[in-house]
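As structure tokens, the structure follows; a few thoughts come after it.
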Amino acid sequence: TGIVRTTEIIKSLMAFSRNEKEEYTDYNIQNGVKDVLVILKSRYHERIKITEQYDSSLPNIICNANGIGQVLMNLISNAIDAIPERGEVSIKVKYLSKSDEIIIQINDSGIGIPQAIIDKIFDPFFTTKDVGKGTGLGLYISYNMIKSHQGTIDVDSELGKGTTFTVKLPRCLYKGN
């Protein structure tokens, strides 16, 4: 178990810290969310109600598709993990044409994050999950991926009521693309 866990941590760090030039391509956030939900279905099926809401005018974004896909996977997976029994996860994706930004909100009805630790959740190796259940790298990698896209990620949480992560990404990292 220790070797498997260490291997996962090393793979995650290597994937994040690669110095290769990242490919920026067209990415459809709605399709990305749907792909993540298919992969995670066995973890929430018949236990958690998932609602999705997308702007009808939602454009593709120019981004590191693998990186943003990993961010979606991490945030949705964490939302599911935050719900011990039955609950809801809401995923909303909006396009703000004035600022040319995509806003992704993932809200869960889970246990919430204590205010005493909320400032630590993006730190490497910080986790509230049981030993062997998490590496403490998901939010750290997500935070850095969003920053590398000149975006922001914020969290709002209330114990016993749930958590909302809000990601803001420019639609096109390099103007003119």
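Structure values in brief
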read-out: Under 5 Å, built H, 5+ apart or other chain: amide partners of Arg171; value: Glu101, Ile102
read-out: Charge dipole of the range 23-164 about the Cα centre (unit charges at C-beta), most positive-ward option of Tyr44, Ile68, Gly162; value: Tyr44
read-out: Estimated vicinal HN-Hα couplings, Hz - the range 65-80 in sequence order (Karplus 6.51, -1.76, 1.60; Gly, Pro = x); value: 4, 5, x, 5, x, 5, 4, 4, 4, 5, 5, 5, 4, 5, 4, 5
read-out: Heavy-atom accessible area order for Ile118, Ile80, largest first, 1.4 Å probe; value: Ile118, Ile80
read-out: Cα-Cα separations in the range 74-120 greater than 14 Å, expressed as whole percent; value: 60 percent
read-out: Karplus-derived 3J(HN,Hα), 6.51/-1.76/1.60, for each residue of the range 149-157, Hz, glycine and proline x; value: 9, 6, x, 9, 9, 10, 10, 9, 9
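The values are calculated or read from the model by the stated rules, or taken from the named source; none is laboratory data. Here the structure is a predicted model, which is why all the values come from computation and not from measurement. All Cβ positions, glycine included, derive from the backbone under ideal geometry; neighbour counts span all protein chains shown. We work out accessible area using only protein heavy atoms, side chains counted, and drop any ligands, DNA or RNA first. Shrake-Rupley method; radii C 1.70, N 1.55, O 1.52, S 1.80 Å.
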